[in-house]
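The values are calculated or read from the model by the stated rules, or taken from the named source; none is laboratory data. All values derive from a computational prediction rather than experimental measurement. Neighbour counts run over all protein chains shown; Cβ positions are idealised from the backbone, glycine included.
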Amino acid sequence: MKISFEQLKSMVVFAQVVEQGTLSGAASKLGLSRAVVSYHIKKLEQQLGVKLLNRSTRSISVTPAGEDYYQHCRVIAQQAALANQEIENLKNEPIGLLKITCPVNVGLQTIVPALNEFRHMYPKIELDVNLTDEVVNIVQQGIDLAIRGAPLADSGLQASKLATLETCLCGAPSYFERCGMPEHPSDLASHQWVLYKLTSNHLELTKANRSFSVTMQGGITTNNAAARTAFVEAGHGIARIPVYDAAPKIKDGKLMTVLDGYQLKAIEVYGVFPPGGANTKKLRLLLDFLKDYFKRQSVLNQG
């Protein structure tokens with residue numbers, strides 16, 4: 001005996017009638033009229049050739065055949081409900097792959113620890129993390145999110161600000177013993193610098209509404225932030241270093257800060273993504289998580 005879609009619907013209606021005890025109760029539960037419920041029961045009895053319910057003006061009771069049939073209808077209704085719940089879970093629990101690129105040092109120091117926490121919260125989101133100090137074409141390489149330390153140029157991409165990271169001027173004790181400690185921004189021009197290729201060689205310092213501009217010069221240039229810090233630690237010169245990177249080395253006595261009374265421009269960290277990328281739930285979750293994560297980190301308040 002073939003089962004039509006209409007009969008499947010009638011079986012679900014019948015299961016509700018048995019469980020609610022009245023046609024009106026089943027109608028209310030299913031969002032149908034009492035007449036439609038009654039129609040499904042009559043149609044089902046005609047198709048099966050047996051009486052499923054004994055009905056009077058005030059009550060209904062289930063026949064022995066109806067009781068046996070109900071057990072099967074109940075399973076079908078439950079399985080349908082479970083199937084719907086599985087779909088809801090898929091919608092509510094994001095899944096899929098996120099491809100992320102970020103600079104090496106900020107990645108290791110802040111982004112990777114953040115992603116560790118994020119992955120524990122959303123284990124069904126897969127992460128493909130590429131650490132590089134080169135600015136990659138995220139559209140061509142299919143990147144979902146790039147972490148960058150500067151606002152967008154006119155590239156057609158979209159961006160969301162994630163954090164503000166404070167910076168400081170640092171050098172090794174051995175360097176200052178050899179070359180002296182700068183006391184004023186004007187002293188910086190005569191010092192050696194470890195230069196970072198991805199930022200400008202012009203440094204701005206401010207104090208009491210006064211600005212000072214310094215052109216940095218030195219014998220070492222690198223495109224890697226961790227290498228820059230290592231060269232500074234070895235005594236090759238001064239550099240502007242993010243506080244999150246410098247703080248542990250300052251605490252250990254490997255680096256010293258200078259001109260602490262002057263303010264340096266902070267690093268604005270952005271999440272950059274292709275147009276429309278934030279429409280995906282998994283990327284929206286990651287962006288919101290990173291913003292919250294950075295707020296919770298004590299390194300953001302140092303410097």
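Say whether the condition of being of a type outside the set (K, R), over 30 Å from S211 (Cα atoms) and either outside the structural domain of L259 (by TED's automatic domain parsing) or in contact with a strand residue (DSSP E or B) (Cβ under 9 Å, 6 or more places away or on another chain) (or both) is met by at least one residue in segment 163-179.
no
Within segment 260-288, restricting attention to residues that are charged (D, E, K, R) and in contact (Cβ under 8 Å) with a residue 12 or more places away in the chain, which residue is farthest from M181 (Cα to Cα)?
So, considering only residues that are charged (D, E, K, R) and in contact (Cβ under 8 Å) with a residue 12 or more places away in the chain, the one farthest from M181 (Cα to Cα) is K281.
Tell me, which residue of segment 98-145 that is among the β-branched types (V, I, T) and in contact with a Gly (Cβ under 8 Å, 6 or more places away or on another chain) is modelled with the lowest pLDDT?
Residue satisfying both the conditions and the ranking: V106.
Looking at the structure I just gave you, is A208 in the same structural domain as K254 (by TED's automatic domain parsing), farther than 18 Å from I111 by Cβ, exposed (fewer than 14 other Cβ atoms within 10 Å of the Cβ) and touching a Ser or Thr at 6+ places or on another chain (Cβ under 8 Å)?
It is false that A208 is in the same structural domain as K254 (by TED's automatic domain parsing), farther than 18 Å from I111 by Cβ, exposed (fewer than 14 other Cβ atoms within 10 Å of the Cβ) and touching a Ser or Thr at 6+ places or on another chain (Cβ under 8 Å).
Could you grab me the full set of residues in segment 242-261 that are part of a strand (DSSP E or B) and within 23 Å of I111 (Cα to Cα)?
Within segment 242-261, P242 is the sole residue that qualifies.
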